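Chemist: Have a look at this one.
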Amino acid sequence: MTKIYNFCAGPAMLPVEVMQKAQAEFLDWQSMGRSVMEISHRSKEYIALAEAAEQDLRELLNVPDNYKVLFAQGGGRGQFSAVPMNLRGRGDSGAFLLTGSWSEGALSEASKFLNTKVVGEVEVQEGLSTVPSITENQIDQKSAYFHYCANETVDGIEINDIPDCGDVPLVVDMSSNILSKPLDVSKFGVIYAGAQKNIGPSGLSVVIVRDDLLDYAMPETPTFLHYKTMANYDSMYNTPPTYSWYLAGLVFKWLKEQGGVASIAEKNAKKAALLYDCIDESCFYLNKVHPNFRSKMNVTFHLPNAELDAIFIRESEQAGLTALKGHRNVGGMRASIYNAMPLEGVIVLTQFMRDFARRYK
Ligand code: PMP
């Protein structure tokens, strides 16, 4: 059988070692004669698992002690609502940087709860998408928070420099690039990420909140989304998605075994460089993002015409390279190469792409 490499943007592939471990202990976890998903979240065994997952995540991202790590439900979009509800008490407006589909989604949901102001937007210069840098004086210092998306999964745009918003809490959606590289958590008020790319199965999300921001929620905030309540109950106010949390814990252990985020960042840079070099050298494929903002997680590219798109998809699937079709809003192709994608998957993809370009040029 052809080996499959899965380039899906999300839910994305998980590390094979994690899947094998989960499979091996699926029916009998820790010799309990039961699956981990069949035991109480209040049992000492499960609480130990939950604490270890949090501890491993803290170590991986070097999370300072004055931040809470929450394991929430509702994925990335759940936080599109939870963030404005939880920070509404700080002010009646929020500032936003718009760089693509997901920052627009966050803005649209936030506008249900507070006034929103767009302080910067992606621009196309000479055919390439670029992101303006944001400085403190562009942001009303009374804003409840400033929000941006560090990696636009659909558009293939990644922001590497952390915006400077003065004393306004910085909130970031890192759903598609968390844990892909080292991060200075202390620069942020809230970091959130849906799990389905670099963490684990969809539905779960991780929220890292600075302690002083825990208690600004609007009174109508549903209790299970309330950061302070979540923190007080160690993310177990309601029954957590126990199996997803378990898998996230296995992914964190796997990442530590890989040498942590600094080491995975080197591998990610290498994978992305291979793919962008292949695109740039080809005179056939085209990436429309300025090199400073090219995503290392979601590499987008276009073929010379739409008829070739269908042929590319068909032939790539036959070659075991799956889920390369770009998002319907953007068209073209997208190769998502999160932490779990091995270097060899990218090598096989670039070999396929070179061969395809030679045949259809
Ligand atoms: N933000 C980003 C950057 C995403 O990529 C996604 C999902 N692809 C979301 C938010 C929404 O996540 P979910 O579907 O888990 O709610």
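Chemist: If you plug each phi of the range 344-349 into the Karplus form 6.51 cos²θ - 1.76 cosθ + 1.60 with θ = phi - 60°, what whole-Hz ³J(HN,Hα) values come out, in order, with x for Gly and Pro?
Modeler: Each residue of the range 344-349 in turn: 4, x, 6, 4, 4, 4 Hz.
Chemist: Right, another one. A 26 angstrom limit on the alpha carbon distance is what I want to check against. Which of Lys325/Lys361; Lys256/Lys288; Lys197/Lys267; Lys3/Lys325 exceed it?
Modeler: Lys256/Lys288
Chemist: Which residue, Val83, Ile159, Asn137, has the largest displacement toward the positive end of the dipole of the range 17-257 when charges sit on each Cβ (Lys, Arg +1; Asp, Glu -1)?
Modeler: Farthest towards the positive pole: Val83.
Chemist: Over its Cα atoms, what ratio of radius of gyration to 2.2 N^0.38 Å does the range 259-360 give?
Modeler: Normalised Cα radius of gyration, the range 259-360: 1.04.
Chemist: Report Rg(Cα)/(2.2 N^0.38 Å) for the range 17-257, keeping two decimals.
Modeler: Cα Rg divided by the expected 2.2 N^0.38 Å: 1.04.
Chemist: Shape of the range 56-190 from its Cα gyration tensor (a ≥ b ≥ c, root eigenvalues): rounded if a/c is under 1.5, otherwise prolate when a/b > b/c, or oblate?
Modeler: rounded
Chemist: Keeping all protein chains in the complex and leaving out DNA, RNA and ligands, what accessible area do you get for Asp28 with a 1.4 Å probe, in Å² to the nearest 10?
Modeler: Probe radius 1.4 Å; accessible area of Asp28 about 80 Å².
Chemist: Protein chains only, probe 1.4 Å: how do Ser31, Ser103 rank by accessible area, largest first?
Modeler: From most accessible down to least: Ser31, Ser103.
Chemist: How high is the relative contact order of the range 17-257, in percent, with contacts defined as C-alpha pairs under 8 Å that are six or more residues apart?
Modeler: Normalised by residue count, the contact order of the range 17-257 is 27 percent.
Chemist: Additional query: Just how large is the dipole of the range 17-257 about the Cα centre, in debye to the nearest 20, putting +1 at every Lys and Arg Cβ and -1 at every Asp and Glu Cβ?
Modeler: 660
Chemist: Excluding residues fewer than 8 places away in the same chain, name every one of the aspartates and glutamates whose C-alpha is closer than 20 Å to that of Lys296.
Modeler: Straight-line reach from Lys296, under 20 Å: Glu123, Glu152, Asp155, Glu158, Asp161, Asp173, Asp184, Glu266, Asp277, Asp280, Glu281, Glu344.
Chemist: Just name one of Leu14, Leu27, Asn66: the one whose Cα is farthest towards the positive end of the charge dipole of the chain (beta-carbon charges, Lys/Arg +1, Asp/Glu -1).
Modeler: Leu27
Chemist: Can you sort Arg334, Arg359 by solvent-accessible area, 1.4 Å probe, largest first?
Modeler: Descending order: Arg359, Arg334.
Chemist: Moving on to the next point. Helix-only mean residue ellipticity at 222 nm, the chain, DSSP H runs n ≥ 4 weighted -39,500 (n - 2.57), per residue, nearest 500. What is it?
Modeler: It lands at -11500 deg cm²/dmol.
Chemist: If you don't mind, another one. Where the centroid of each part is defined by its Cα atoms, how far is the range 210-246 from the range 92-151 in Å?
Modeler: 25
Chemist: Another question, if that's okay. Accessible surface of His290 in the full protein assembly, 1.4 angstrom probe, to the nearest 10 Å²?
Modeler: Approximately 60 Å² of His290 is accessible to the 1.4 Å probe.
The values are calculated or read from the model by the stated rules, or taken from the named source; none is laboratory data. Computed from a predicted structure; not experimentally measured. Virtual Cβ from ideal backbone geometry, glycine too; neighbours counted across all protein chains shown. Only protein heavy atoms, including side chains, enter the accessible area calculation; ligands, DNA and RNA are left aside. Shrake-Rupley method; radii C 1.70, N 1.55, O 1.52, S 1.80 Å.
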